[in-house]
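Q: I have a structure I would like to understand better, so I am pasting it below and will then ask my questions one at a time.
The values are calculated or read from the model by the stated rules, or taken from the named source; none is laboratory data. Worth saying up front: this structure is predicted, and the values here are computed from it rather than measured. So basically every Cβ, Gly included, is an ideal-geometry build from the backbone, and we count neighbours across all protein chains shown. Each accessible area value is taken on the protein alone, full model and side chains, heavy atoms only, with ligands, DNA and RNA left out. Shrake-Rupley method; radii C 1.70, N 1.55, O 1.52, S 1.80 Å.
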Amino acid sequence: MSLVMPEPYAGVLARRSEIVRALRAIVPGEGVIDDPDALRAYESDGLTAYRQPPMVAVLPETTDQVAAILRWCHAQGVRVVPRGAGTSLSGGALPLVDAVLVGMARFNRMLDIDYADRLAVVQPGVTNLAVTRAVEDRGFYYAPDPSSQIACTIGGNVAENSGGVHCLKYGLTTNNVLGVEIVLMDGEIIRLGGRQLDSAGLDLLGVVVGSEGLLGIVTEVTVRILPKPEGARALLIGFPSVESGGQCVADVIAAGIIPAGMEMMDRLAIHAAEAFVEVGYPLDVEALLIVELDGVTAECDHLTGEVAAIARANGATTLRLSADEAERVAFWAGRKAAFPAVGRVSPDYYCMDGTIPRRRLPEVLERMRELSEQYGLGLANVFHAGDGNLHPLILYDANVPGELDRAEAFGADILRLCVAVGGVLTGEHGVGVEKRDLMPEMFSETDLRQQQGLKCAFDPKSLLNPGKVFPMLHRCAELGRMHVHRGATPFPDLPRF
Amino acid sequence: MAPATALSPASVADLIDAMAAARRGGHALAISGGGSKAGIGRLAPGAVLLDMSAFTGIIDYDPVELVLTVGAGTQLADVEALVAAEDQMLAFDPFDHGPIFGEVGGRATIGGVVAAGVAGSRRVSAGSARDHLLGFRAVSGAGEALLAGARVVKNVTGYDLPKLGAGSWGRLFAMTELTLKVLPRPPVRATRAIAGLDAQQAIRAMAAAMGSQAEVVAAAHISAQLRGGAALTAVQVCGFGPAVEAKAAILDCVLAAHGRVMALEESEAIGLWDDLRTLAPLNSGQPLWRVHVPPSRGAAVVSNLHPHGAHWLFDWAGGLVWLTFDGDPDLVRAAAARAGGHASLVRGPAALREKVPAFDPPLPGVAALEERVRRAFDPSGVFETGRFGDRA
Ligand SMILES: Cc1cc2nc3c(=O)[nH]c(=O)nc-3n(C[C@H](O)[C@H](O)[C@H](O)COP(=O)(O)OP(=O)(O)OC[C@H]3O[C@@H](n4cnc5c(N)ncnc54)[C@H](O)[C@@H]3O)c2cc1C
Ligand SMILES: Cc1cc2nc3c(=O)[nH]c(=O)nc-3n(C[C@H](O)[C@H](O)[C@H](O)COP(=O)(O)OP(=O)(O)OC[C@H]3O[C@@H](n4cnc5c(N)ncnc54)[C@H](O)[C@@H]3O)c2cc1C
């Protein structure tokens with residue numbers, strides 16, 4: 001693998017035992033892990049192609065401990081990598097050989113649920129699904145629902161600005177977070193946002209969400225909770241071509257309908273899913289669309305009728321409407337199991353995450369077919385059709401020499417293609433280490449430098465989660481003018497890589 | 001305080017020159033969209049107005065992609081007419097503040113409303129400008145062209161700079177081009193109302209509606225004193241015809257415990273929600289405040305200030321308190337802080353604005369961070385006009 005990570009600080013590696021002692025003074029007991037075998041548990045996240053055990057892991061339980069850890073590391077010039085549940089698909093939580101891994105799993109309490117203001121205050125290690133579980137008996141839920149929701153944490157969701165199948169209608173994490181408490185790299189504890197809508201100054205909350213653990217460690221999150229819709233019904237629609245499925249999606253939106261979810265699968269994904277979960281997906285179609293409508297019953301009934309008519313007009317060959325909740329869940333079961341299902345038909349798969357303008361779908365699919373032939377690797381397609389977010393799954397076998405490299409090259413070509421048609425490198429999984437080196441496909445050097453300027457405002461020594469998101473991190477001082485204001489001196493020189 | 005001069009850049013190159021000249025000359029640049037800004041804060045002497053009105057026009061609009069790209073100087077009214085023709089809308093409900101300042105409407109630009117983070121009554125359900133700005137092009141105070149975000153509805157590539165652009169008040173960069181998410185306009189709306197509730201009762205009724213399955217899009221309350229009679233608490237639902245009836249029926253049920261529920265006639269409902277945009281009930285000319293609090297605390301804010309002569313109404317189910325108040329500004333800020341929120345001075349005589357910053361000063365840690373973020377985009381402080389209590 002060709003991943004180049006920042007050169008380790010030799011001085012830091014040499015001081016490992018001193019660093020472990022210092023961390024133990026902050027987090028007593030079992031909270032500091034330095035045993036090499038135990039550290040292996042943290043060596044990768046959901047992007048398992050990359051592995052690197054951390055120098056040491058620490059599991060703080062309080063904000064003050066997080067602040068003390070960061071303050072100490074900042075003073076000593078030690079790098080830090082935050083981690084939630086480790087389900088990132090872009091290597092955002094990948095450790096560095098000379099970095100302290102700060103695991104947030106012990107921040108697992110729900111602090112407050114306020115139905116009058118329709119919000120929940122939770123610690124970042126609480127899982128996504130746990131929020132909904134805590135409020136559902138009162139008829140509420142937390143809208144963003146990544147497929148990993150049983151495992152992934154709210155802190156990870158905030159860092160990645162995660163989405164889910166319902167985000168076309170209900171938004172991503174960023175649209176559902178009201179406030180955070182965050183510890184900056186120098187140990188300063190600040191609050192951004194709150195329990196009200198909008199804060200007084202710049203929307204720093206908005207940039208912390210989706211910052212991939214580069215700006216600070218989130219220690220508390222206030223999320224909005226919504227009343228659960230009265231009902232939801234799903235349509236399962238088969239098409240003789242991906243083009244007709246794509247046209248159906250466009251026509252639904254043109255009719256003024258924003259479904260709760262609108263997901264598409266191609267032939268390979270349909271067959272893999274059906275073989276795995278046996279929910280009765282039609283096997284003689286090229287594209288399968290699941291359209292879910294939610295809201296009051298009258299609305300669900302009305303809109304399922306409209307969507308069905310649009311589907312027929314686009315040549316749908318099969319069309320089923322969920323009769324009850326069990327059937328609706330069954331329609332989704334195959335889609336939700338699509339990744340593991342593909343995992344059964346191929347030794348390994350590599351999940352991509354670009355977004356494109358939906359109207360470019362046919363040509364993008366065609367070009368991906370050509371690339372699939374060129375690289376000699378299979379491809380299954382699953383996508384959030386409503387918002388144009390593609391999840392092509394590249395099939396490969398890591399045991400065949402060269403296949404992983406080929407899969408990665410194929411993936412990079414797909415993402416370049418997404419950008420070329422006016423789309424983006426990542427719709428919801430984040431840049432991490434995975435798409436880091438592709439950032440120049442989308443942004444000019446000036447654009448990237450300005451984003452790094454923002455990083456420097458939060459973390460001038462670039463100690464927090466280095467090697468992620470940006471292809472080449474400039475020393476903050478190199479960004480030049482930025483901290484020189486009316487004669488104020490820039491911060492001291494720093495080691496560089 | 002009229003600025004000494006004005007610049008009308010017509011291109012990105014002109015903007016880059018303007019930033020360079022400002023850095024050399026040591027003068028501040030006050031970015032202006034519709035230029036209706038005479039009312040806000042105070043201006044540094046010698047500040048030069050940077051008029052963005054040349055950056056006008058529709059750059060790309062594909063209704064089916066739900067994405068619109070426009071020049072930042074395009075008038076809000078033009079943008080709204082464009083999307084309305086396709087049965088779409090800017091869901092965050094931006095509005096022209098002209099009437100609030102006793103001016104004719106129609107001057108507000110899309111860049112101005114986005115930079116000011118404006119959102120109307122539907123903020124509670126649809127979000128704000130921040131939630132709908134997908135991308136932009138700009139020139140930073142450092143004089144560098146900048147591309148942020150993208151032209152697709154779902155994107156997490158790099159930092160979410162559009163969040164910073166919305167609500168940046170001309171303090172980071174001059175935006176030339178904006179990409180906004182647009183949404184279908186619901187064909188039918190209905191408003192249910194209860195008369196005669198006091199502040200606390202209104203908050204409870206609105207909370208019940210917001211927490212119901214009626215999918216409420218807006219909830220507001222105009223106090224008795226502003227209506228010259230009975231207070232009015234109003235809740236709006238929308239959607240396709242049959243759905244709207246069902247949602248209104250849920251409201252009838254949920255609200256029944258709070259008072260006698262009325263179905264407002266369409267014209268009456270339109271008038272009511274228009275009043276909330278133009279703040280017609282608060283046009284007394286007294287200083288106007290905008291107080292953001294957790295919705296359940298709205299009543300606490302007004303119970304503190306009412307005895308001192310404040311006039312008020314609630315939007316956002318109580319989370320936004322608009323009030324006119326002639327008394328001690330510290331009372332407003334203290335009431336907002338006690339309720340866990342903050343207060344902005346939107347309108348007031350020059351002498352007041354000279355003393356009282358438009359926005360609540362942030363806590364020291366956040367203030368220092370904000371300053372560093374501003375320096376990241378505006379290293380030499382060309383946008384420090386002094387308007388927001390920052391150094392002039
Ligand atoms: C099977 C599967 C399905 C998935 N489906 C989806 C999906 O539908 N939609 C979607 O958006 N994503 C999906 N993901 C990706 C992943 O689950 C999300 O990105 C998730 O938000 C990561 O959460 P985590 O707790 O596992 O974070 P981690 O993987 O531990 O960390 C992710 C990033 O967040 C940072 N971080 C974690 N906690 C904190 C904190 N407290 N403060 C600061 N930074 C922090 C880390 O440094 C890292 O950069 C899926 C992953 C898998 C494995
Ligand atoms: C506290 C407060 C005070 C307000 N005071 C007034 C007022 O006095 N008069 C009034 O009409 N409305 C006021 N409003 C409402 C709001 O400013 C307007 O609705 C909106 O700004 C109108 O657009 P405009 O084109 O006139 O913008 P302008 O009034 O020209 O500008 C609004 C703000 O956005 C910035 N800006 C404008 N265009 C750009 C751009 N292209 N790139 C970057 N920044 C840009 C300006 O620097 C300014 O800070 C106020 C709102 C609040 C919350």
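Q: Kindly provide the set of residues from the range A:456-471 that are closer than 24 Å to residue A:76 by Cα, within 23 Å of the chain's Cα centre (by Cα) and more than 8 Å from chain B (Cβ to nearest Cβ), ordered by number.
A: Once the filter is applied, which keeps residues that are closer than 24 Å to residue A:76 by Cα, within 23 Å of the chain's Cα centre (by Cα) and more than 8 Å from chain B (Cβ to nearest Cβ), the range A:456-471 yields A:459, A:462, A:463, A:464, A:465, A:466, A:467, A:468, A:470.
Q: Only one of B:152, B:156, B:188 is hydrophobic (A, V, I, L, M, F, W, C), away from ligand 2 (no atom under 13 Å from the Cβ) and in contact with a Cys (Cβ under 7 Å, 6 or more places away or on another chain). Can you tell me which?
A: B:188
Q: Give the residue that is least open to solvent (accessible area, probe 1.4 Å), with candidates limited to residues of the range A:435-447 that are more than 26 Å from residue A:73 (Cα to Cα), more than 8 Å from chain B (Cβ to nearest Cβ) and under 22 Å from the mean Cα position of the chain (by Cα).
A: The residue in question is A:438.
Q: Residue B:296: of a type in the set (Ser, Thr, Tyr), modelled with pLDDT under 95 and either assigned to a helix (DSSP H, G or I) or open to solvent by 10 Å² or more (accessible area, probe 1.4 Å) (or both), yes or no?
A: Against the criterion (of a type in the set (Ser, Thr, Tyr), modelled with pLDDT under 95 and either assigned to a helix (DSSP H, G or I) or open to solvent by 10 Å² or more (accessible area, probe 1.4 Å) (or both)), residue B:296 does not qualify.
Q: Looking only at the range A:62-90, which residues are part of a loop (DSSP other than H, G, I, E, B), within 13 Å of ligand 1 (Cβ to nearest atom) and either among the acidic types (Asp, Glu) or away from every other protein chain (no Cβ under 14 Å) (or both)?
A: Result: A:84, A:85, A:86, A:87.
Q: Given the residues A:163, A:156, which is the only one that is within 10 Å of chain B (Cβ to nearest Cβ) and more than 16 Å from ligand 2 (Cβ to nearest atom)?
A: A:163
Q: Within the range B:216-228, is there a residue that is in contact with a Cys (Cβ under 6 Å, 6 or more places away or on another chain) and surrounded by fewer than 24 Cβ atoms within 10 Å (Cβ to Cβ)?
A: So far as the range B:216-228 goes, yes, one or more of its residues are in contact with a Cys (Cβ under 6 Å, 6 or more places away or on another chain) and surrounded by fewer than 24 Cβ atoms within 10 Å (Cβ to Cβ).
Q: List the number of the failed condition for residue A:187; all other conditions in (1) within 14 Å of chain B (Cβ to nearest Cβ); (2) crowded, with 18+ Cβ neighbours inside 10 Å; (3) over 22 Å from residue B:340 (Cα atoms) hold.
A: Condition (2) is where residue A:187 drops out.
Q: Something else: Of B:237, B:182, B:188, which residue is within 13 Å of chain A (Cβ to nearest Cβ) and surrounded by fewer than 20 Cβ atoms within 10 Å (Cβ to Cβ)?
A: B:188
Q: While we're looking at this one, here's another question. Do you know which residues across the range A:140-158 are open to solvent by 30 Å² or more (accessible area, probe 1.4 Å), part of a loop (DSSP other than H, G, I, E, B) and over 13 Å from residue A:46 (Cβ atoms)?
A: Within the range A:140-158, A:149, A:150 meet the criteria.
Q: Quick one: which of A:432, A:422, A:376 is within 25 Å of residue A:249 (Cβ to Cβ) and modelled with pLDDT of 95 or more?
A: Only one candidate passes the filter, namely A:422.
Q: Would you confirm, using the coordinates I've provided, whether residue A:116 is among the small types (Gly, Ala, Ser), free of Cβ contacts under 8 Å to residues at least 24 places away in the same chain and at negative phi?
A: Yes; evaluated as a whole, the condition is true for this residue.
Q: Whether any residue in the range B:158-172 is more than 27 Å from residue A:118 (Cβ to Cβ), free of Cβ contacts under 8 Å to residues at least 40 places away in the same chain and outside any helix (DSSP H, G or I) is what I want to check.
A: Looking for residues that are more than 27 Å from residue A:118 (Cβ to Cβ), free of Cβ contacts under 8 Å to residues at least 40 places away in the same chain and outside any helix (DSSP H, G or I), one finds at least one in the range B:158-172, hence yes.
Q: Still on this structure, please answer the following. Being out of contact with any Lys or Arg (no Cβ under 7 Å at 6 or more places or on another chain), more than 16 Å from residue A:182 (Cα to Cα) and buried (at least 19 other Cβ atoms within 10 Å of the Cβ) is the filter here; which residues of the range A:74-99 pass it?
A: Listed by number, the residues that qualify are A:78, A:79, A:85, A:86, A:87, A:88, A:89, A:91, A:94, A:95.
Q: Looking at B:357, B:364, B:329, B:307, can you tell me which residue is more than 30 Å from residue A:460 (Cα to Cα) and modelled with pLDDT under 95?
A: From the options B:357, B:364, B:329, B:307, the qualifying one is B:307.
Q: Scan the range A:265-309 residue by residue and report those that are assigned to a loop (DSSP other than H, G, I, E, B), open to solvent by 30 Å² or more (accessible area, probe 1.4 Å) and not hydrophobic (A, V, I, L, M, F, W, C).
A: A:278, A:280, A:284, A:286
Q: Looking at the range A:252-263, can you tell me whether even one residue there is more than 24 Å from the chain's Cα centre (by Cα) and free of Cβ contacts under 8 Å to residues at least 24 places away in the same chain?
A: Yes, that holds for at least one residue.
Q: Please state which one of A:120, A:143, A:105 is away from ligand 2 (no atom under 16 Å from the Cβ) and in contact with a Cys (Cβ under 9 Å, 6 or more places away or on another chain).
A: Testing whether each residue is away from ligand 2 (no atom under 16 Å from the Cβ) and in contact with a Cys (Cβ under 9 Å, 6 or more places away or on another chain) leaves just A:143.
Q: When residues of the range B:259-287 are filtered for being of a type outside the set (Asp, Glu) and surrounded by fewer than 18 Cβ atoms within 10 Å (Cβ to Cβ), how many remain?
A: Summing the residues that are of a type outside the set (Asp, Glu) and surrounded by fewer than 18 Cβ atoms within 10 Å (Cβ to Cβ) in the range B:259-287 gives 12.
Q: How do the pairs read when you match residues in the range A:193-204 that are facing another protein chain (nearest Cβ under 7 Å) with residues anywhere that are surrounded by 22 or more Cβ atoms within 10 Å (Cβ to Cβ) and among the basic types (Lys, Arg), using Cβ under 7 Å and keeping only pairs 6 or more apart or on different chains?
A: A:197/B:123; A:203/B:130; A:203/B:163
Q: Just one of B:341, B:386, B:381 is closer than 22 Å to residue B:325 by Cβ, surrounded by 15 or more Cβ atoms within 10 Å (Cβ to Cβ) and away from ligand 2 (no atom under 11 Å from the Cβ); which is it?
A: B:341
Q: Could you list, ordered by first residue, the pairs with Cβ atoms under 9 Å in which the first is in the range A:338-352 and among the basic types (Lys, Arg) and the second is open to solvent by less than 30 Å² (accessible area, probe 1.4 Å) and away from ligand 1 (no atom under 14 Å from the Cβ), at least 6 apart or interchain?
A: A:344/A:272
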